[in-house]
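Okay, structure first, notes after.
Please treat every number below as a calculation from the coordinates, not as lab data. For clarity, every value in this text was computed on a predicted model and none was experimentally measured. Note that we place each Cβ from the backbone using ideal geometry, even for glycine, and neighbour counts take in every protein chain shown.
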Amino acid sequence: MLVFKAKGDLKSYLDPFLEKKDKIGFVPTMGALHQGHLSLVENSKQENDLTVVSIFVNPTQFDNSEDLVNYPKTLDADLELLKMAGCDVVYVPTANDVYSNKVISQSFDFDGLENEMEGKFRNGHFDGVGTIVKTFFEIIKPTNAYFGEKDFQQLQIVRKMVEKEHLQVNVIGCPIYREDDGLAMSSRNLRLSENHRKAAGFIYKTLLGSKEYFSNHSTLETENWVRNQFENHPLFELEYYSIADETSLKSLVDKSNSSYPRAFIAVYADSIRLIDNISLIS
Ligand code: AMP
């Protein structure tokens, strides 16, 4: 497995593969890798000649500097996991290498997808995501790029960017990997206190409960039911629970307006923000 820190070196290495028309699979990550990330790597390995993983904590997608500073960094362990997973190439750039001294976001129009859910609570987040993903696509020129449904809104926004900017890459969504108690795997889970971690299965349990409840109640009733579950919980604070159409990501007032309803949730465990989602198709 080769590790590159400079985009020039990475591009020179990838050029012969691109000339041969080899398929390059790309998995962007922010490190602190877990099985969820590795499942994306496995998918890429199955479908491509070469798999490239990036590890970069992208500053422009953080609107909270404390969250950026505290984001877990476990590079040595990450490289070991990637080696064992059979990854071919890892790109671990500095901010200067990807941003060329101007660490700012491009402004994107994602047809309003950026204004829903996460967009309401994380200022400028999706401009930061769009900027870094587009930059990586330009450097790596992947055939296929793999994103987790764990960040479902991000996945749809990347799809939208690829469509609007006519980028030559297939965006592939991969299912959410969960811990045994249902908690969606996340690098941020490493920062949970023991008590919060023990109790965190509650989030997925409530999502499952809401799916059941939604089968014979309205959207509003279901959202109220979830709010109630959290009001009675001593450890978790609900930021939002929203039922939306999978494609438009618009809130569903009337459940008959979408064949693909999905529930999205963001929860605080002390200062740690956790997100998750579940399809509500029964
Ligand atoms: P991150 O390092 O959190 O930016 O995540 C990198 C990629 O891994 C993103 O496409 C995430 O959606 C994906 N990912 C993170 N957690 C999971 C998970 N539990 N299951 C599947 N994919 C995930």
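Tell me, what is the FRET efficiency for Val253 and Glu165 to the nearest 0.05, using R0 = 51 angstrom and their Cβ-Cβ distance as r?
0.95
Select from Leu274, Tyr99, Ile139 the residue farthest towards the positive end of the dipole of the chain; place +1 on Cβ of Lys and Arg, -1 on Cβ of Asp and Glu, and compute about the Cα centre.
Selected residue: Ile139.
When we measure straight from the Cα of Lys198, which aspartates and glutamates land under 18 angstrom away, once same-chain ones fewer than 8 places off are left out?
Output for Lys198: Glu179, Asp180, Asp181, Glu237, Asp270, Asp276.
For the chain, treating each Cα as an identical point scatterer without solvent, what Debye log10 I(q)/I(0) comes out at q = 0.08, 0.10 1/Å?
The Debye formula, applied to the Cα set alone, gives -0.34, -0.54.
Mind checking the angle between helix 35-47 and the chain's longest principal axis? C-alpha axes, 0 to 90 degrees, to the nearest 10.
The angle comes out near 50 degrees.
Please give the helix 125-140 orientation as an angle from the longest Cα principal axis of the chain, in degrees from 0 to 90, rounded to the nearest 10.
Approximately 30 degrees, to the nearest 10.
Checking the cross-link filter: which lysines have an alpha carbon closer than 26 Å to that of Lys102, excluding same-chain neighbours under 8 positions apart?
Within the straight-line limit of under 26 Å, Lys102 reaches these lysines: Lys5, Lys7, Lys11, Lys73, Lys120, Lys134, Lys141, Lys160, Lys164.
Under the rule of at least 5 residues apart or a separate chain, name every residue whose amide H is placed under 5 Å from the amide H of Phe4.
Long-range HN contacts for Phe4: Val90, Tyr91, Val92.
Once the Cα gyration tensor of the stretch 1-154 is found, what semi-axes does its equivalent ellipsoid get, as square roots of 5 times the eigenvalues, in whole Å, sorted largest first?
25, 17, 16
Among Tyr13, Leu40, Phe110, whose Cα projects farthest towards the positive end of the dipole of the chain, with charges put on the beta-carbon of Lys, Arg (+1) and Asp, Glu (-1)?
Most positive-ward Cα: Tyr13.
Which distance in nm do the two modelled labels at Leu220 and Ser282 give, with both placed 7 Å along the Cα-to-Cβ direction?
A separation of 2.1 nm, rounded to one decimal place.
Dipole of the chain (Lys/Arg Cβ +1, Asp/Glu Cβ -1, origin at the Cα centre): which of Leu79, Gly209, Leu190 lies farthest to the positive side?
Final value for the positive-end residue is Leu79.
Can you give the charge dipole size of the stretch 1-124 about its Cα centre, rounded to the nearest 20 debye, using +1 on the beta carbon of Lys and Arg and -1 on the beta carbon of Asp and Glu?
320 debye
Above 16 Å lies some portion of the pair distances; for the stretch 1-47, what is it as a whole percent of all C-alpha pairs?
Summing the P(r) tail past 16 Å for the stretch 1-47 gives 53 percent.
How about the stretch 119-221: which GluC sites (Glu not before Pro) there are in a DSSP loop, with at most 15 other Cβ atoms within 10 Å of their Cβ?
Counting only loop positions with at most 15 other Cβ atoms within 10 Å, the GluC sites (Glu not before Pro) in the stretch 119-221 are Glu165.
State, to one decimal in nm, how far the label point of Lys23 lies from the label point of Asp76, with both points 7 Å from Cα in the Cβ direction.
About 3.7 nm separates the two model spin labels.
Which value in nm describes the separation of the simple spin-label points at Asp63 and Asn228, placed 7 Å from the Cα toward the beta carbon?
3.1 nm
Using amide H atoms built in the peptide plane, which far-off residues or other-chain residues are under 5 Å from Leu235 H to H?
Those lying under 5 Å, H to H, from Leu235: there are none.
Grab the Cα-Cα distance for Asp245 and Val103, subtract it from 0.36 nm times how many residues apart they are, and report the gain in nm with one decimal. Intermediate values should be presented prior to the final figure.
On the way: separation 142, 0.36 × 142 = 51.12 nm, distance 3.35 nm.
Between Asp245 and Val103, full extension yields 47.8 nm more.
Quick one: Debye curve from the alpha-carbon atoms of the stretch 73-153 only, equal weights, vacuum; give me log10 I(q)/I(0) at q = 0.11, 0.16 Å⁻¹ to two decimals.
-0.40, -0.84
What longest region of the chain stays clear of trypsin sites (Lys or Arg not before Pro) that DSSP places outside H, G, I, E and B and that have at most 10 other Cβ atoms within 10 Å?
103-282
For Asp49 and Asp9, compute 0.36 nm times the residue count separating them, minus their Cα-Cα distance, and round to one decimal in nm.
Separation in residues times 0.36 nm, less the Cα-Cα distance, equals 12.5 nm.
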